[in-house]
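What follows draws every value from the coordinates through simple rules; no lab data is involved. Treat the numbers as computed from the prediction; the structure is a model and nothing was measured. Positions of Cβ are generated from backbone atoms using ideal geometry, with glycine treated the same way; all protein chains shown enter the neighbour counts.
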2 protein chains.
Amino acid sequence: MLLNIRVVLVRPKGSGNIGSVARAMKNFGVRDLAIVAGGRTESFLARSMASHARDVLKSARRFASLREAVADCALVVGTTCRGGLYREHSRPPRDIAPAIAAAAEKAKCALVFGPEDHGLSNEDLKHCQQIITIPTDSEYPSLNLAQAATVCLYEIFVAALGDIAGEAIERAAAEDVERLFDKMKTSLLEIGYLDPQNPEHILFAFRRIFGRGGLEEKDVRILIGLFRQIDWYAKEGWKVAAEKKQRGVKVR
Amino acid sequence: MLLNIRVVLVRPKGSGNIGSVARAMKNFGVRDLAIVAGGRTESFLARSMASHARDVLKSARRFASLREAVADCALVVGTTCRGGLYREHSRPPRDIAPAIAAAAEKAKCALVFGPEDHGLSNEDLKHCQQIITIPTDSEYPSLNLAQAATVCLYEIFVAALGDIAGEAIERAAAEDVERLFDKMKTSLLEIGYLDPQNPEHILFAFRRIFGRGGLEEKDVRILIGLFRQIDWYAKEGWKVAAEKKQRGVKVR
């Protein structure tokens, strides 16, 4: 699917930017680079910014016009940071990315970026069926070309991945967590940390702390291990430590 | 809110990248740039890549260590493109961005990026409560530093635009949490719970558990209280307990 996405740079100026775009493309699984009128791909700067994406740079194709560069594309999406005539239908990349990902399942799709200084012209935008504007701070809305490409490619890549898993952890079963609190209670009473009259008071704070982020099974094991060690120390460990101290051995 | 976001670059190499990060920051309304150990902000390349964000570059602050750079931050989020030990809990920026935006409503939050070649070290990641990994193509997962920053800042900006489900807690400052871990380490070494050869290994699990849900100041006090009690028990408490046991008094 991503191999059906073509990035089209129209009249790019900085060859470093072309290299940076190539790198971002490869990072997000896109390989088809087209350059319309200008821009050097073989410069040292372009190659060094491309880093491990020199293959993308090398296979870039050149076209005399945007029309030719997108001739075989089923969907052509332009990018602009300005509002104004022909641009009022622009939408944020997150809204359009799923449509691009879906269209690219079946046919070539182009993502078109204008020159660094003025962006796509109205003439260029004629060839674009949809327009993306990346939301930015109004005080400095103009993104660097390669950074704009990065955001758009990232959005398409994420849309292509489909739903991203929600919570990253697998919470342990409630019963396991209860056993942890049982253990905590006896251990912390033993060392005099909990008030025997109301041990639940402080335990409640721990329930809150652990409950907030959740505990995985592994976490429960680690915590039970800690309270077992406290039990051991309370029964036997202090003797070992006391003996060592008597012998003048520095413990730890 | 966005003014509470700090971008921290750890040992950055290319001054052009620093300039590009400054530009992306200003594009997304973020101004607070911190640089840990190295990287030039006053070079021609840095200023030219920053474009209209030279003010961000100029006001960047330098720190000797990551710990100092994030000392006043309530939420510290690291970035990594590698999997592996200590990194398996990383999540995509889209999942974490709302929590960052919500936390930044109340306190300073840091977004931490490692050096271009190797990224954040395990030692650096110790200071990060959450870890972001930007989803990329497995064939070339390593994003350019400034492009990675662009994606993360973009996600936070978009999250800030949308409805923010407020995080329920006010996180304690990173330095307070570091003091908690310092205390934990000495106490848990004393009772033999941590491996003296590699105490950080298990502590890392605790960092993850506490970092996931966050700790408020009150929580930090409760936890420090627990480890102080362990210290007291290790020094004096066992004597009291042993004496009582000898006298046949049931402890607890």
For segment A:78-229, what does the relative contact order come out to in percent, with C-alpha contacts under 8 Å and a separation of six or more? 26
Can you sort B:26, B:13 by how many other beta carbons sit within 10 Å, fewest first? B:13, B:26
Could you work out, residue by residue across B:126-136, how many beta carbons of other chains sit within 10 Å of that residue's beta carbon, and then give the average as an integer? 2
Toy charge model, Lys and Arg Cβ at +1, Asp and Glu Cβ at -1: segment A:118-237 dipole around Cα centroid in debye, rounded to 20, equals 340
Degrees, to the nearest 10: A:199-213 long Cα axis against longest axis of chain A: 20
What is the dipole size for segment B:1-130, taken about its Cα centre, with +1 at each Lys and Arg Cβ and -1 at each Asp and Glu Cβ, in debye to the nearest 20? 300
Any chance you could give the angle, 0 to 90 degrees and rounded to 10, that helix B:145-161 forms with the longest Cα principal axis of chain B? 80
Within the set A:185/B:244; A:235/B:239; B:185/B:245; A:239/B:126; A:13/B:13; B:185/B:235, which residue pairs have Cα atoms separated by over 22 Å? B:185/B:245; A:239/B:126; A:13/B:13
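How well do other chains shield peptide A:145-156, expressed as the mean number of their Cβ atoms within 10 Å of each residue Cβ?
5
So if I average 1/r over every pair of distinct C-alpha atoms in the protein assembly as shown and take the inverse, what Kirkwood radius in Å does that give? Write out the running numbers ahead of the final one.
Numbers: mean 1/r = 0.0400 Å⁻¹.
So the Kirkwood estimate lands at 25.0 Å.
Taking neighbour Cβ counts within 10 Å as the exposure measure, how do A:131, B:209 sort from fewest upward? Could you put the intermediate results ahead of the total?
Values: A:131 19, B:209 22.
Ranked by crowding around the Cβ, least crowded first: A:131, B:209.
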Taking the Cα centre of chain A as origin, sum charge times position over the Cβ atoms of Lys and Arg (+1) and Asp and Glu (-1), and report the length of that vector in debye to the nearest 20. 1060
Run lengths n ≥ 4 of DSSP H only: what is the helix-derived mean residue ellipticity at 222 nm for chain B, with -39500 (n - 2.57) per run over all residues, to the nearest 500? -14000 deg cm²/dmol
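If you take every DSSP beta bridge whose two residues both sit in chain A, what share of them, in percent to the nearest 5, is antiparallel?
Given both bridge residues lie in chain A, the antiparallel proportion sits at roughly 5 percent.
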Given the options A:215, A:240, A:203, identify the residue whose Cα lies farthest towards the positive end of the charge dipole of segment A:174-246 (+1 on Cβ of Lys, Arg; -1 on Cβ of Asp, Glu). A:240
Could you give, in nm with one decimal, how far residue A:71 is from each other copy of that position, shortest first, with labels 7 Å out from Cα toward Cβ? 6.5
If one compares the long axis through the Cα atoms of helix B:93-103 with the longest principal axis of the Cα atoms of chain B, the angle in degrees, nearest 10, works out at 70
Please list, ordered by chain and number, the residues whose modelled amide H lies under 5 Å from the amide H of residue B:215; skip anything fewer than 5 residues away on the same chain. B:172
Cut-off under 5 Å, modelled amide H: who pairs with residue B:79 long-range: B:112, B:114, B:132
What's the percent breakdown of Cα-Cα distances in segment B:2-161 across 10 Å bins, shortest bin first? 12, 45, 37, 6
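Rank the residues A:200, A:190 as a footprinting-exposure proxy: fewest other Cβ atoms within 10 Å of their Cβ go first.
Ordered from fewest to most neighbouring Cβ atoms within 10 Å, A:200, A:190 come out as A:200, A:190.
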Have a look at the DSSP beta bridges in the protein assembly as shown and tell me what percent are antiparallel, nearest 5. 5
